[in-house]
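Let me begin by presenting the structure, written as structure tokens, before commenting on it.
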Amino acid sequence: MNTNIKAFFLLLFSFMLISNCSIAQKDTTKNNQDARITTHPEISGLTTHDAFTQTPHTPYPYDTVEVEYDNADKTVHLAGTLTYPKTGGPFMTIVMITGSGQQDRDESILGHKPFAVIADYLTRNGYAVLRVDDRGKGKSKGDIYKATSMDFANDVITSVRFAAGLKQVDKNKIGLMGHSEGGFIAPIVYANCPEIAFIVSLAGTGVSGADILFKQQTDPVKGLVSDAALTAYEKLTAGTLNLIKEHETMKDSALLAMIRNHFAEWKKGYSDSVLIALNAKTATPEQYGFQIMTELKPWFRYFIATDPALYWSKVHCPVLVLNGEKDIQVYATQNTTAIAAALDKAGNKNYTVNIFPGLNHLFQHCTKCTVQEYAKLTETFSPEVLSFIKDWLGKKVK
């Protein structure tokens, strides 16, 4: 049997890709709010490259200001960096939204600082940029145990309203740029903040978390097992995700009972040869339920159950939707097609979709295009994507 599926009954959520750049769970550990979740089984042991040539260094040809502010009820304290040109203003401003996993204002990952690179480029080209530490990360504070994407959207709204009061910012030209989960959060913000001037989605989601996770979890198994075993695995995965999706607010104990029963009934439908091939022959419903139990936090439930199209279909401002063709975390065609359909439903004619050949989830030119390769690539963010964003802002946002 292929060792990559050695512990099959743990596979359902084991193919979740590295948290701070993927659609993977926000760290909601009560006692370690600054920990990172790295649930991909092959990500441990990666070393970062010593030289990332795009990372900006002082002295900068623009001004930077460290900012701190609170939400309305003082339960969340946010800290970030505002960059803006030395002359002119007030400026069109971009508020950055990080992807899933507790991240700092630079969306740092494996030595790369993609948000710092983006902010540097856009500020050099005449824009102000506000990038912010996630609550519970860096200098930002706030409860994350019960937080969902909706709560993080409220944090972004706080940032937008803070930015609108700054003298360097044109309050009528504040837009959002979100990566991965940040691209999902952006239309949620717009629904509550229709004064948003534009949205740039970088590998943002257009389908539910259940659909995202199904592909993340089943695609890596293809070619490792027989067609019959793959079909069986897909049925188990889809069934489990659908149970969570359909019963988002159900108590853990009741939902786990349903999931354990689903696993038991699933096993009855397959021959010993299929179960043995998947190493599921001796796995018990209790073992399967125990694995799933750790994934029933509020963030994860909300992500699985929520269809981003509900929010994208209400967006009327200019939208730029970008993905890398080689993205194996937020699949390009699946998600850009869904976002475009939702924007069409909204009657939004001012949107642009572009899929860049040869780029991964971080918008790096890649060779193997795996998560493991991120740290080995010296490029942090594709220059042609940066140029595309600048040109689009200049033409589409007035």
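The values are calculated or read from the model by the stated rules, or taken from the named source; none is laboratory data. Quick caveat, the model's predicted, so the values are computed rather than measured. So basically every Cβ, Gly included, is an ideal-geometry build from the backbone, and we count neighbours across all protein chains shown.
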So, in region 331-341, exactly how many residues are farther than 15 Å from H179 by Cβ, of a type in the set (S, T, Y) and in a helix (DSSP H, G or I)?
2
Taking the condition of being outside any helix (DSSP H, G or I) and surrounded by fewer than 19 Cβ atoms within 10 Å (Cβ to Cβ), how many residues in region 156-172 meet it?
6
Residues of region 212-223 being of a type in the set (D, E) and either assigned to a strand (DSSP E or B) or under 14 Å from the mean Cα position of the chain (by Cα) (or both), in sequence order, are none
Kindly indicate which of D170, D155 is within 20 Å of the chain's Cα centre (by Cα), farther than 29 Å from A238 by Cβ and of a type outside the set (A, V, I, L, M).
D155
Quick check on this structure: which one of T87, T93, T28, T39 is in contact with a helix residue (DSSP H, G or I) (Cβ under 6 Å, 6 or more places away or on another chain), assigned to a loop (DSSP other than H, G, I, E, B) and either β-branched (V, I, T) or at pLDDT below 95 (or both)?
T28
Would it be correct to say that I144 is modelled with pLDDT under 95, surrounded by 21 or more Cβ atoms within 10 Å (Cβ to Cβ) and in the same structural domain as T93 (by TED's automatic domain parsing)?
yes
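Scan region 331-341 residue by residue and report those that are crowded, with 24+ Cβ neighbours inside 10 Å and either over 16 Å from the mean Cα position of the chain (by Cα) or closer than 17 Å to L362 by Cβ (or both). Steps first, please.
Going residue by residue through region 331-341, those that are crowded, with 24+ Cβ neighbours inside 10 Å are 335, 339.
Of everything in region 331-341, just one residue is crowded, with 24+ Cβ neighbours inside 10 Å and either over 16 Å from the mean Cα position of the chain (by Cα) or closer than 17 Å to L362 by Cβ (or both), namely N335.
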Take A232 and decide whether it is touching a residue at least 24 places away in the same chain (Cβ under 8 Å) and farther than 30 Å from G394 by Cα.
yes
Considering every residue within region 125-148, establish whether at least one is in contact with a Phe, Trp or Tyr (Cβ under 7 Å, 6 or more places away or on another chain) and part of a helix (DSSP H, G or I).
no
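Here's the yes/no breakdown for (1) assigned to a loop (DSSP other than H, G, I, E, B); (2) surrounded by 19 or more Cβ atoms within 10 Å (Cβ to Cβ):
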{"position": "Q287", "(1), (2)": "no, no"}
{"position": "V321", "(1), (2)": "no, yes"}
{"position": "Q329", "(1), (2)": "yes, yes"}
{"position": "L343", "(1), (2)": "no, yes"}
{"position": "T352", "(1), (2)": "no, no"}
{"position": "H361", "(1), (2)": "yes, yes"}
{"position": "K368", "(1), (2)": "yes, no"}
{"position": "Y374", "(1), (2)": "no, yes"}
Given the conditions (1) of a type in the set (D, E); (2) at pLDDT below 95; (3) surrounded by 15 or more Cβ atoms within 10 Å (Cβ to Cβ), every one holds for D219 apart from (3)
In the set G178, G206, which member is buried (at least 24 other Cβ atoms within 10 Å of the Cβ), in contact with a Pro (Cβ under 8 Å, 6 or more places away or on another chain), outside any helix (DSSP H, G or I) and at pLDDT 95 or above?
G206
Restricting attention to region 96-113, which residues are assigned to a loop (DSSP other than H, G, I, E, B) and among the β-branched types (V, I, T)?
T98
Have a look at T240, T231 and point out the one that is farther than 20 Å from W299 by Cα and in a helix (DSSP H, G or I).
T231
Only one of these is within 24 Å of G99 (Cα to Cα), out of contact with any Phe, Trp or Tyr (no Cβ under 8 Å at 6 or more places or on another chain) and surrounded by fewer than 21 Cβ atoms within 10 Å (Cβ to Cβ): M293, M258. Name it.
M293
Taking into account only those residues within region 69-84 that are of a type in the set (A, V, I, L, M, F, W, C) and either touching a Gly at 6+ places or on another chain (Cβ under 9 Å) or part of a loop (DSSP other than H, G, I, E, B) (or both), which is surrounded by the fewest Cβ atoms within 10 Å (Cβ to Cβ)?
A72
Note: among A116, A153, just one is in contact (Cβ under 8 Å) with a residue 60 or more places away in the chain and outside any loop (DSSP other than H, G, I, E, B), namely A116
N192 meets each of (1) more than 23 Å from Q102 (Cβ to Cβ); (2) touching a helix residue (DSSP H, G or I) at 6+ places or on another chain (Cβ under 9 Å); (3) surrounded by fewer than 24 Cβ atoms within 10 Å (Cβ to Cβ) with one exception, condition (1)
